[in-house]
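The values are calculated or read from the model by the stated rules, or taken from the named source; none is laboratory data. Computed from a prediction, not measured in an experiment: that's the story for all the values here. Neighbour counts run over all protein chains shown; Cβ positions are idealised from the backbone, glycine included. Heavy atoms of the whole protein, side chains included, go into the accessibility calculation; ligands, DNA and RNA do not. Shrake-Rupley method; radii C 1.70, N 1.55, O 1.52, S 1.80 Å.
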Amino acid sequence: MKKLSVFNEIKLVYPYELPALPYSYTALEPYIDAMTMEIHHTKHHGTYVSNLNAALEANPRKELPLLEIFQKIEEFPAAVRNNGGGHINHALFWKWMKFNENGKPDGELLKHIEKTFGGFTQFQEEFTKAALARFGSGWAWLILTENNDLKIISTPNQDNPFMSIAETKGYPILGLDVWEHAYYLKYQNRRADYVKAFWNVVNWDEVKALYEKLIG
Ligand code: MN
């Protein structure tokens, strides 16, 4: 993968640190509640970071940047795959959100979405389908492939499209956490309601900025 440096604004080298949220825990209310955000950030993401550091501590290749590790993830212990994925997936996820009711992208990104999926609504439907069809825990993604195609995919657990073991590889420009810990306090078993609410908290400016850097 040739454009990994686009993601360099997140610190992705050992020792890993929990990044601050770019907004307050209440910022995404009522769509995502403050208690979920606080537990998700401090406890879930925080634990991925400390477990990732622990999993790498005695590894002679611990200084390799995380996105390089992902390119040969099958050579690393499962704890690096799970917690390394957990770290970057969440670091990106926080940046992909802000209060933005019924937000929509514009410019070249919107054109590319319309061309690929037949329209923004059709894109939302396909993304929602991927999020709901993921059995158990995982993520739904909008990725840009190395050939600059947009695709919607989903991955299990904390895997992501950067990883060598991913069925479809690419650069994630939007992702949605569909682990129960992301929505259970407010939505219980109603994942569909959570996914519907997500469309009111997508930070399209951030998605577009990432897209534009990747497409060059
Ligand atoms: Mn999560």
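Taking the criterion of being under 17 Å from the mean Cα position of the chain (by Cα) and at pLDDT 95 or above, the residues of the stretch 6-15 that qualify are VAL6, PHE7.
THR128 falls short on exactly one of the conditions (1) within 24 Å of PHE76 (Cα to Cα); (2) hydroxyl-bearing (Ser, Thr, Tyr); (3) in contact (Cβ under 8 Å) with a residue 40 or more places away in the chain, and that condition is (1).
Restricting attention to the stretch 161-193, which residues are within 12 Å of the ligand (Cβ to nearest atom) and of a type in the set (Phe, Trp, Tyr)?
Quick first cut of the stretch 161-193, residues within 12 Å of the ligand (Cβ to nearest atom) only: 175-184.
Correct list: TRP179, TYR183, TYR184.
Among the residues of the stretch 153-177, the one identified as over 10 Å from the mean Cα position of the chain (by Cα), open to solvent by less than 30 Å² (accessible area, probe 1.4 Å) and more than 19 Å from LEU66 (Cα to Cα) is ILE153.
Only one of these is open to solvent by 50 Å² or more (accessible area, probe 1.4 Å) and farther than 25 Å from HIS181 by Cα: SER5, SER50. Name it.
On the way: SER50 fails: farther than 25 Å from HIS181 by Cα.
Criteria check complete, one pass: SER5.
Would you list the helices (runs of 4 or more DSSP H) that sit entirely within the stretch 1-70 and hold 2 or more residues that are farther than 27 Å from VAL201 by Cβ and without any contact (Cβ under 8 Å) to a residue 40 or more places away in the chain?
Working: elements: 34-38, 46-56, 66-70.
Of the helices (runs of 4 or more DSSP H) lying wholly inside the stretch 1-70, those with at least 2 residues that are farther than 27 Å from VAL201 by Cβ and without any contact (Cβ under 8 Å) to a residue 40 or more places away in the chain span 46-56.
Scanning the stretch 181-213 for residues that are of a type in the set (A, V, I, L, M, F, W, C) and either within 14 Å of the chain's Cα centre (by Cα) or crowded, with 18+ Cβ neighbours inside 10 Å (or both) returns ALA182, VAL195, PHE198, VAL201, VAL202, TRP204, VAL207, LEU210.
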